[in-house]
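Undergrad: I'd like to ask some things about the structure below.
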Amino acid sequence: MQSGRLRLLEPPPLASDQPDSMAMCAAERGPAARCRICGSALLARIGTVEYLAGYAWEVNRCNACGCQFTRHDGGVHGLMHETGVLSYYSDYRSIAARCRSCFERNDLEGLRDLLASSSKYKFVLDRIAPLPADARILEIGCSRGYLAAHSILAGRKVLGVDVSREAVMEAGALFGDHFALVGDPRIEAGAPYDLIYHVGMIGCVADPIELTNDLLALLRPGGALLFNAPNRDALYLDGQLWLDSAPPPDLVTLFPPRFFMRQFSAKAAAIENIETTPAEQSMLIALRRALGVVWARPVAQPIQAAGDNGLTWRQPTPPMRRLVERVAAKIGRMTGLDALVPRRPTEFGLFVTLTRK
Ligand SMILES: [Zn+2]
């Protein structure tokens, strides 16, 4: 990362050139004066979260763009990847291994089924499927290459890009020479692209607007940029400041619905599809809201203790409430009442399609 930003066309600095991440972000330690996303001064400081010990970060709500955010430290993602400190980082390794097994057997159908069990990957695969065979595809934040593997096995032209040298090398070893480090000249040489996508990344970058503008510039007119974003409206408990499943310093921005439609309507035709929770989960959420359940602040976990089971904070549920919830869920299922409960947005189900004008 350069200046804490993902610069697609600039090579990342060598490790020895990188300043200490905490020193680099010293200027950001104080209270934010302006929105990191849109630059507005219309900020409300709404509290501080500390999921991992030593990362007690202030949460801001911007009254101009609607984002909820903490500061960003570009130096921590390498640490997250290396240590697998958050459970979903270790999941990525296991997904890559299972995809490799399908890839080795030339099992395109099996690979698709494996990936499509996750809605964020299905969203991308469904939009790649109707493209002509010679379409140019770019994946940003390809990690270990398992999603790009489907296009590779189907014989498509795809380039996967990542900021992590280790991830790019491993992706290449698993799925062939279709991967490049940020700054590689092949990224620009491959433009204009018909389709660019990224998954689970926009909430982790320093400047989501700049990243999106950079990617739109690499598309042909009529080409599409696809991604999923964390939905601010998935904070449903009273007083809830953050999504417990993906804490800072990894995830640092939550977006309100229509954010990308408002920001990019001049450059792109924007569509947002909002994924909602299944009936049973919606009923559980409705029950917790009716009971006035207050969000329990995370207890900071030491980062050194992570890696085995991963560290994602779970809201504590007292035994009596757990019993009430189980009974309510059963009654909801048996009577069909749960189907009548309004569905809630899922945490990462803001599915965005920007078609370049
Ligand atoms: Zn803002």
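The values are calculated or read from the model by the stated rules, or taken from the named source; none is laboratory data. Computed from a predicted model, the values in this text were never measured in an experiment. Here the Cβ positions follow ideal geometry from the backbone for every residue, glycine too, while neighbour counts run over all protein chains shown.
Undergrad: Keeping to region 161-180, report how many residues are assigned to a loop (DSSP other than H, G, I, E, B) and in contact (Cβ under 8 Å) with a residue 12 or more places away in the chain. Lay out the reasoning, then the answer.
TA: Residues of region 161-180 assigned to a loop (DSSP other than H, G, I, E, B): 163-164, 176-178.
From what's left, in contact (Cβ under 8 Å) with a residue 12 or more places away in the chain: 163-164, 176, 178.
So the count comes out to 4.
Undergrad: Taking region 108-131 only, how many residues are touching a residue at least 60 places away in the same chain (Cβ under 8 Å) and closer than 22 Å to Gly190 by Cα? Please lay out each step first, then the result.
TA: Going through region 108-131, the residues touching a residue at least 60 places away in the same chain (Cβ under 8 Å) turn out to be 119-121, 123-124, 127-128, 131.
Imposing the further condition that a residue be closer than 22 Å to Gly190 by Cα reduces the set to 124, 127-128, 131.
Counting residues in region 108-131 that are touching a residue at least 60 places away in the same chain (Cβ under 8 Å) and closer than 22 Å to Gly190 by Cα gives 4.
Undergrad: Further, regarding this structure: Which condition number in (1) away from the ligand (no atom under 16 Å from the Cβ); (2) under 20 Å from the mean Cα position of the chain (by Cα); (3) modelled with pLDDT of 70 or more; (4) hydroxyl-bearing (Ser, Thr, Tyr) is the one that Ser87 fails?
TA: (3)
Undergrad: What are the residue pairs meeting all of these: first residue in region 50-73, first residue within 13 Å of the ligand (Cβ to nearest atom), second residue outside any loop (DSSP other than H, G, I, E, B) and basic (Lys, Arg), Cβ atoms under 6 Å, and 6 or more apart or on different chains?
TA: Sorted first by the residue in region 50-73, then by its partner, the pairs are Asn60/Arg45; Gln68/Arg61; Gln68/Arg232.
Undergrad: Further question on the same structure: Kindly indicate which of Leu350, Leu337, Leu287, Leu311 is among the hydrophobic types (A, V, I, L, M, F, W, C) and at pLDDT 95 or above.
TA: Numbers: Leu337 fails: at pLDDT 95 or above; Leu287 fails: at pLDDT 95 or above; Leu311 fails: at pLDDT 95 or above.
It is Leu350.
Undergrad: Could you name every one of the helices (runs of 4 or more DSSP H) located completely within region 250-357 that has at least 1 residues being within 25 Å of the chain's Cα centre (by Cα) and within 23 Å of Leu237 (Cβ to Cβ)? Steps first, answer last, please.
TA: Working: elements: 259-264, 279-290, 319-335.
Here the list reads 259-264, 279-290.
Undergrad: Separate question: If I ask for residues that are touching a strand residue (DSSP E or B) at 6+ places or on another chain (Cβ under 7 Å) and not hydrophobic (A, V, I, L, M, F, W, C), which ones from region 187-199 would you list?
TA: In the first step, residues of region 187-199 are kept if they are touching a strand residue (DSSP E or B) at 6+ places or on another chain (Cβ under 7 Å); the result is 187, 190, 192-199.
Answer for region 187-199, where residues must be touching a strand residue (DSSP E or B) at 6+ places or on another chain (Cβ under 7 Å) and not hydrophobic (A, V, I, L, M, F, W, C): Gly190, Pro192, Tyr193, Asp194, Tyr197, His198.
Undergrad: Could we say that Asp134 is farther than 20 Å from Ser94 by Cα and either at pLDDT 95 or above or not in a helix (DSSP H, G or I) (or both) here?
TA: Details: farther than 20 Å from Ser94 by Cα: yes; either at pLDDT 95 or above or not in a helix (DSSP H, G or I) (or both): yes.
So Asp134 passes the test.
Undergrad: Restricting the search to region 123-148, which residues are surrounded by 15 or more Cβ atoms within 10 Å (Cβ to Cβ), in contact with a Lys or Arg (Cβ under 9 Å, 6 or more places away or on another chain) and more than 15 Å from Ala96 (Cβ to Cβ)?
TA: Leu125, Ile128, Leu131, Ala135, Arg136, Ile137
Undergrad: From the set of residues in region 30-49 that are aliphatic (A, V, I, L, M) and within 14 Å of the ligand (Cβ to nearest atom), which is surrounded by the most Cβ atoms within 10 Å (Cβ to Cβ)?
TA: Within region 30-49, the subset aliphatic (A, V, I, L, M) is 32-33, 37, 41-44, 46, 49.
Applying the additional criterion that residues be within 14 Å of the ligand (Cβ to nearest atom) yields 32-33, 37, 41-44, 46.
Numbers: Ala32: 17, Ala33: 7, Ile37: 24, Ala41: 11, Leu42: 12, Leu43: 18, Ala44: 11, Ile46: 12.
Among those that are aliphatic (A, V, I, L, M) and within 14 Å of the ligand (Cβ to nearest atom), it is Ile37.
Undergrad: Would you call Ala27 at pLDDT below 95, within 14 Å of the ligand (Cβ to nearest atom), of a type outside the set (D, E, K, R) and surrounded by fewer than 16 Cβ atoms within 10 Å (Cβ to Cβ)? If you could, list the steps in order and put the result at the bottom.
TA: Working: at pLDDT below 95: yes; within 14 Å of the ligand (Cβ to nearest atom): no; of a type outside the set (D, E, K, R): yes; surrounded by fewer than 16 Cβ atoms within 10 Å (Cβ to Cβ): yes.
No: the conditions fail for Ala27.
Undergrad: Out of everything in region 192-204 that is within 13 Å of Ala224 (Cα to Cα) and among the hydrophobic types (A, V, I, L, M, F, W, C), what residue ends up being nearest to the chain's Cα centre (by Cα)?
TA: Residues of region 192-204 within 13 Å of Ala224 (Cα to Cα): 192-198.
Remaining after also requiring among the hydrophobic types (A, V, I, L, M, F, W, C): 195-196.
Numbers: Leu195: 18, Ile196: 15 Å.
So, considering only residues that are within 13 Å of Ala224 (Cα to Cα) and among the hydrophobic types (A, V, I, L, M, F, W, C), the one nearest to the chain's Cα centre (by Cα) is Ile196.
Undergrad: Which one of the conditions (1) of a type outside the set (Phe, Trp, Tyr); (2) within 25 Å of Val293 (Cβ to Cβ); (3) modelled with pLDDT of 95 or more does Pro221 fail to meet, given that it meets all the rest?
TA: (2)
Undergrad: While we're looking at this one, here's another question. List the number of the failed condition for Ser151; all other conditions in (1) in a helix (DSSP H, G or I); (2) without any contact (Cβ under 8 Å) to a residue 60 or more places away in the chain; (3) surrounded by fewer than 21 Cβ atoms within 10 Å (Cβ to Cβ) hold.
TA: If we test Ser151 against (1) in a helix (DSSP H, G or I); (2) without any contact (Cβ under 8 Å) to a residue 60 or more places away in the chain; (3) surrounded by fewer than 21 Cβ atoms within 10 Å (Cβ to Cβ), just (3) comes out false.
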